[in-house]
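Worksheet: the structure to be examined is printed underneath.
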Amino acid sequence: MQAIDNKILENELRAIIAEIVEIEPEKVTLNANFVEDLGMDSMMALEILASVEKKYKLRIPEENLTKLTSLGKAVELTNKFINK
């Protein structure tokens, strides 16, 4: 898959995260901690990972779940696998 513009990727991931965590998209800032700031639990994190994999047709190993701590990290991680 070819690289996606970071801003587009950021907005798409923000929408996925906001929908799963059931919060307003603007609350999902680049540095907001998913667990501490947004109240995400491990099931939501798995759901987000699955949604990202499905949307971008990627396979992200589950051990990367611990790196999914903020929107900024999610963008980095997704980019890493898109560019593989």
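Collect the residues in the stretch 61-74 that are surrounded by fewer than 20 Cβ atoms within 10 Å (Cβ to Cβ), modelled with pLDDT of 95 or more and in contact with a helix residue (DSSP H, G or I) (Cβ under 7 Å, 6 or more places away or on another chain), keeping them in residue-number order.
Lys73, the sole residue that qualifies.
Consider Ile20 carefully, then state whether it is crowded, with 16+ Cβ neighbours inside 10 Å and at pLDDT below 95.
Answer is no for this residue.
Applying the selection to the stretch 40-60, what residues are charged (D, E, K, R) and either modelled with pLDDT under 95 or not in a helix (DSSP H, G or I) (or both)?
Hits for the stretch 40-60 are Asp41, Lys57, Arg59.
Can you report the number of residues in the stretch 34-60 which are of a type outside the set (D, E, K, R), surrounded by 11 or more Cβ atoms within 10 Å (Cβ to Cβ) and free of Cβ contacts under 8 Å to residues at least 24 places away in the same chain?
Within the stretch 34-60, residues that are of a type outside the set (D, E, K, R), surrounded by 11 or more Cβ atoms within 10 Å (Cβ to Cβ) and free of Cβ contacts under 8 Å to residues at least 24 places away in the same chain number 8.
The values are calculated or read from the model by the stated rules, or taken from the named source; none is laboratory data. What you see is a predicted model, and the numbers here were worked out from it, not measured in a lab. Glycine also receives a Cβ, built like all others from the backbone with ideal geometry; neighbour counts cover every protein chain displayed.
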